[in-house]
Structure formats: structure tokens, C-alpha cells
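The values are calculated or read from the model by the stated rules, or taken from the named source; none is laboratory data. A quick note: this is a predicted structure, and the numbers were derived from the prediction, not measured. Don't worry about glycine lacking a Cβ; one is built from the backbone with ideal geometry, like all the others, and counts go over all protein chains shown.
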Amino acid sequence: MILYFLGRIASFVFGKLPPRQGYALACVLGHIVYLTWPRGRTYLRENMGYVLGNGASQKQIDRLAKGSLRNYFRYLADFVCLPAVKPEDIKKRVIFQGWDNLEGALGEGKGAILVSLHQGNWDLSGAAIALRNYPLNVVAESFPSAKLNEFVQRRRREKGMKVIPMEHGVGRMVQALRRNELLALLIDIPGADKGVAVNFFDAITQVPRGAATLALKTDAKVIPTSLVRLPDNTFVAFIGQYIPFQPSGDLKKDIQALTQSIMSSLEKFVRQYPDQWYMFRRMWLKEARDSG
């Protein structure tokens, strides 16, 4: 319940501030949280160490870890103010690269799965896609608090996104793809139940198998995507080419192989914009950490 009231307060405060002052406040809050959240700070540093590799200094790791929390609070500032953002402002702020890739995938008639990470601003990306009159279904994890869940999901629905609860929405996901619609999934949930092991930044982690399973069962195309913030607080939405994949007939192996291809395609976005990747949990398995 406290998160719901914090969300209401944030909506009021950031709604009253000009964007420049709002982003400045968001950065301050992110820095405060970094200093006062030992567990999150530890996980951020550990994850950024994997992203930067063995040659990275602690100073480089700390800089990216702090930047990640500051950018995440910028994302939160954007999110709580999303209902007030006019359609024309969204169109001005979001520039698409690779839109033809999306249209080409939908041209197959079996829907398309947009896979992404917790990076940049996925909600603004969804709003920008919906503004182009493309049916967009977003898979979202429900919050325990009904008020908080409605507070969050209403903002998405008001911007044209159809929200499918992650917990019990497989049937709706399949139906959306069979209607040749778009389905958006965030795949970087470490240690997910019934997940699949993949190599990510040269170490083993475990991520959900849902995107690959849906693609294999529906023949929908899988498209890697990311929307990242530029220095002037505009955004670039990258829409990659769909991931080519030829099933072998062994479903378990195919799920692992396709999931690996998905994560490999998304890794490049983290390499290019590491401080816009928001991973505040331990991403890599203990075995990977021990072997490194």
C-alpha cells in the first residue's frame, strides 16, 4: 500500500514540475537510493561488473551503477506523468529505427513478439507504437496491492496498450498472436521459475522461456527491441530484424536455443547503453560467479 501512496505523491509532485526540474529531482532521488540501499547497490555493482568485463575498474563499475539508478528514476518520473503527455509530444520525442522490420514480421500474418529488457523506457515505447494504430498487447506482472496494480496498469491502458497479466494470461497471449497483433515481453527476469539457462555476457543466467515457447507454438516472429534515452531526453526506439530460427523438432532444445538467440540479440543494447539497464537483482547464477 505504501508504494501506491508514493506513486500518488510522485504523480502530484512531478506533474507540477517543469521537465528539466523534474528530471533533476529524479536524479537526486536515484543518487540517494543508491547510497541508502546496500543490497541493491551490491547487485548493481556485481551486474555492471559482468557487463564491463574483467578489465573494468571499480570506479567505472560504480559510475554505471549510479547512472542506472538515476536513469531508472527518470523513467519513473516519465511513467507517473504519462497520462498528461499529449500524443503529439510522444510522436516528437520517440524516433523509430527499423519500423519496416516490424511491418515485415506482421506481413507473415502470425503476429510478432517484441522482446526487450528493463532498459530505457518501455512504457513510452508502447505508447508510441499504439499511437501508430498497431494493436499492442503488453505482458505485465501484477502487483500484490490491487490499488497499486490499477494505478500502474491504468496508465498503460490509457495510452492504448492492452495489458495481459503475466500470471494467467497465456491463452490471451496466444489469441493476440493469432489475430496478427503485437505482443510485448520483458525477458530479463533472473532465476525465473521454469526458466532456461543461457549465456549472457559470457556467463550463465536463467531467464523465462515464455517468449520462445510462444513463438515456437504459434510461428510468430520474435523481434528484439529497445527504447533508450538520449541526452536531450528524446528517445530512439530500435526495432531489430526478426530472429531467424528453424525448429529441430525437439521442443526443449528449441526453446533453449531460441531463448539464447533472443538474449544474444538483446545483449548489444546493454553493451551500448549499460547505464540504462535496470537490473537491481542478482542477474547471474552462483555457479557462473564462482567460475569467474
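Which count do you get for residues in the stretch 135-160 that are out of contact with any Asp or Glu (no Cβ under 8 Å at 6 or more places or on another chain) and within 30 Å of ARG271 (Cβ to Cβ)? Spell out the reasoning first.
Residues of the stretch 135-160 that are out of contact with any Asp or Glu (no Cβ under 8 Å at 6 or more places or on another chain), as a first pass: 138-140, 143-154, 157-158, 160.
Going one step further and asking which of them are within 30 Å of ARG271 (Cβ to Cβ), we end up with 138-140, 152.
Total satisfying the criteria: 4.
So, in the stretch 139-175, exactly how many residues are modelled with pLDDT of 95 or more, in a loop (DSSP other than H, G, I, E, B) and either of a type outside the set (A, V, I, L, M, F, W, C) or closer than 22 Å to ILE9 by Cβ (or both)?
Selection size over the stretch 139-175: 2.
Can you name every residue in the stretch 158-177 that is surrounded by 14 or more Cβ atoms within 10 Å (Cβ to Cβ) and not β-branched (Val, Ile, Thr)? Don't jump to the end; show me each part of the working.
Just the residues of the stretch 158-177 that are surrounded by 14 or more Cβ atoms within 10 Å (Cβ to Cβ), to begin with: 159-164, 166, 169-170, 172-177.
Those that are surrounded by 14 or more Cβ atoms within 10 Å (Cβ to Cβ) and not β-branched (Val, Ile, Thr): LYS159, GLY160, MET161, LYS162, MET166, GLY169, ARG172, MET173, GLN175, ALA176, LEU177.
Is there a residue in the stretch 182-199 that is at pLDDT 95 or above, assigned to a helix (DSSP H, G or I) and not basic (Lys, Arg)?
no
Read through the list (1) buried (at least 21 other Cβ atoms within 10 Å of the Cβ); (2) at negative phi; (3) of a type outside the set (D, E, K, R), then give the number of the only condition that GLY120 fails.
Result: GLY120 passes all but (2).
When the residues of the stretch 23-69 are narrowed to those that are among the aliphatic types (A, V, I, L, M) and over 26 Å from PHE200 (Cα atoms), which ends up nearest to the chain's Cα centre (by Cα)?
Among residues in the stretch 23-69 that are among the aliphatic types (A, V, I, L, M) and over 26 Å from PHE200 (Cα atoms), the one nearest to the chain's Cα centre (by Cα) is ALA26.
Mind checking which residues of the stretch 70-95 are within 15 Å of the chain's Cα centre (by Cα) and either charged (D, E, K, R) or more than 20 Å from ARG157 (Cα to Cα) (or both)? Can you show your working first?
Of the residues in the stretch 70-95, the ones within 15 Å of the chain's Cα centre (by Cα) are 71-76, 78-79.
Listed by number, the residues that qualify are ASN71, TYR72, PHE73, ARG74, ASP78.
Within the stretch 203-227, track down each residue that is of a type outside the set (Gly, Ala, Ser) and touching a residue at least 60 places away in the same chain (Cβ under 8 Å).
Here is the first cut: in the stretch 203-227, the ones of a type outside the set (Gly, Ala, Ser) are 204-209, 213-214, 216-219, 221-225, 227.
ILE204, THR205, GLN206, LEU214, THR218, ASP219, LYS221, VAL222, ILE223, PRO224, THR225, LEU227, listed by residue number.
Got at least one residue in the stretch 99-109 being under 29 Å from PHE151 (Cβ atoms) and either touching a strand residue (DSSP E or B) at 6+ places or on another chain (Cβ under 9 Å) or among the basic types (Lys, Arg) (or both)?
Quick first cut of the stretch 99-109, residues under 29 Å from PHE151 (Cβ atoms) only: none.
No, there is no match, as no residue in the stretch 99-109 is under 29 Å from PHE151 (Cβ atoms) and either touching a strand residue (DSSP E or B) at 6+ places or on another chain (Cβ under 9 Å) or among the basic types (Lys, Arg) (or both).
Tell me, which residue of the stretch 60-79 that is of a type in the set (D, E, K, R) and farther than 14 Å from TYR273 by Cα is surrounded by the fewest Cβ atoms within 10 Å (Cβ to Cβ)? Spell out how you get there, then give the answer.
First pass over the stretch 60-79, keeping only residues of a type in the set (D, E, K, R): 62-63, 66, 70, 74, 78.
The next check asks that each one be farther than 14 Å from TYR273 by Cα; those that pass are 62, 74, 78.
Working: ASP62: 15, ARG74: 23, ASP78: 22.
Filtering first and then ranking leaves ASP62.
Among the listed residues LEU266, LEU230, LEU214, LEU285, identify the single one that is of a type outside the set (Val, Ile, Thr), farther than 21 Å from TYR75 by Cα and at pLDDT 95 or above. Spell out how you get there, then give the answer.
Values: LEU266 fails: farther than 21 Å from TYR75 by Cα; LEU230 fails: farther than 21 Å from TYR75 by Cα; LEU285 fails: at pLDDT 95 or above.
Testing whether each residue is of a type outside the set (Val, Ile, Thr), farther than 21 Å from TYR75 by Cα and at pLDDT 95 or above leaves just LEU214.
Are any of the residues in the stretch 5-24 part of a helix (DSSP H, G or I), touching a residue at least 40 places away in the same chain (Cβ under 8 Å) and in contact with a Leu (Cβ under 6 Å, 6 or more places away or on another chain)?
Kept after step one, since they are part of a helix (DSSP H, G or I), are these residues of the stretch 5-24: 5-16, 19-24.
Remaining after also requiring touching a residue at least 40 places away in the same chain (Cβ under 8 Å): 7-8, 10-11, 14-15, 19, 22-23.
Still in the list and also in contact with a Leu (Cβ under 6 Å, 6 or more places away or on another chain): none.
So far as the stretch 5-24 goes, no, none of its residues is part of a helix (DSSP H, G or I), touching a residue at least 40 places away in the same chain (Cβ under 8 Å) and in contact with a Leu (Cβ under 6 Å, 6 or more places away or on another chain).
Looking only at the stretch 29-59, count how many residues are under 24 Å from LEU148 (Cβ atoms) and exposed (fewer than 13 other Cβ atoms within 10 Å of the Cβ).
Qualifying residue count, the stretch 29-59: 3.
List every residue pair whose Cβ atoms lie under 9 Å apart, where the two residues are 6 or more positions apart in sequence or sit on different chains, the first residue falls within the stretch 114-129 and is over 13 Å from PHE96 (Cα atoms) and in contact (Cβ under 8 Å) with a residue 12 or more places away in the chain, and the second residue, located anywhere, is among the β-branched types (Val, Ile, Thr) and in a helix (DSSP H, G or I).
Final answer for the pair search is LEU114/ILE129; VAL115/ILE262; LEU117/VAL270; GLN119/VAL270.
Can you pull out the helices (runs of 4 or more DSSP H) entirely within the stretch 30-112 that have at least 3 residues that are small (Gly, Ala, Ser)? Before the answer, list the steps.
Working: elements: 38-52, 58-80, 87-93, 99-106.
Here the list reads 58-80.
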